[in-house]
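Notes to accompany the following structure.
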Amino acid sequence: RRGAAMLALALWFAGTPPLASAETRLSPDEARALAGQLLQSGRLPEARDLAMGLLQADRRDVAALIIVAQAERVLGRPDVARDAGAAAWAFATTPAQHYAAAVVTAQALAASTRNARDSHSGARLTC
C-alpha cells in the first residue's frame, strides 16, 4: 500500500498524473482550461487528446478546435492544423474567436508552405 502511494507521488512529480486522476470528471470549461495549460507547458499530445475529447462531446467547440490546430502544427501536421483552424473559423460566433481561428489557420498554412519549400530545397533544376 505504501509502495503504491510512493509510486503515485513519484509519477505526479514526474509530470504524469496518478491513475486515480483518470477517473476525475471535468466540466467542459475545466477541460478547456486544462488543455490550454497543457498546450502552454509543451504537453502537446495531452492537450490535443483532451481537446479531441471535448470535440467528441461538441464538434463545434471553437476553443477545442483552436487547441487542436495549435498542437497539430507544432507536432508537424500542418494539414490537420489547417483543417482544425478552418473548422474553428466556420463555427466561430465572436470576433475574438474569428481572429484566433484566422491566426492558427495562417500559422498552419505557413508551416505547410515552409515544409513543402524545405522538402524541395535540396532539388536542383537542370536544363
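The values are calculated or read from the model by the stated rules, or taken from the named source; none is laboratory data. These numbers come from a predicted model, not from an experiment. Here Cβ is always computed from backbone atoms with ideal geometry, including for glycine, and neighbour counts include all displayed protein chains. For the accessible areas, the whole protein counts, side chains as well, though only heavy atoms, and no ligand, DNA or RNA atoms are used. Shrake-Rupley method; radii C 1.70, N 1.55, O 1.52, S 1.80 Å.
Modelled label positions at A90 and L34, each set 7 Å beyond Cα in the direction of Cβ, lie 2.9 nm from each other. Accessible surface ranking for D79, D29, 1.4 angstrom probe, highest first: D29, D79. For the peptides 91-97, 103-109, the ranking by mean Cβ contacts within 10 Å, running from highest to lowest, is 103-109, 91-97.
Solvent-accessible area of R77, all protein chains in place: 100 Å² (probe radius 1.4 Å, heavy atoms, ligands and nucleic acids excluded).
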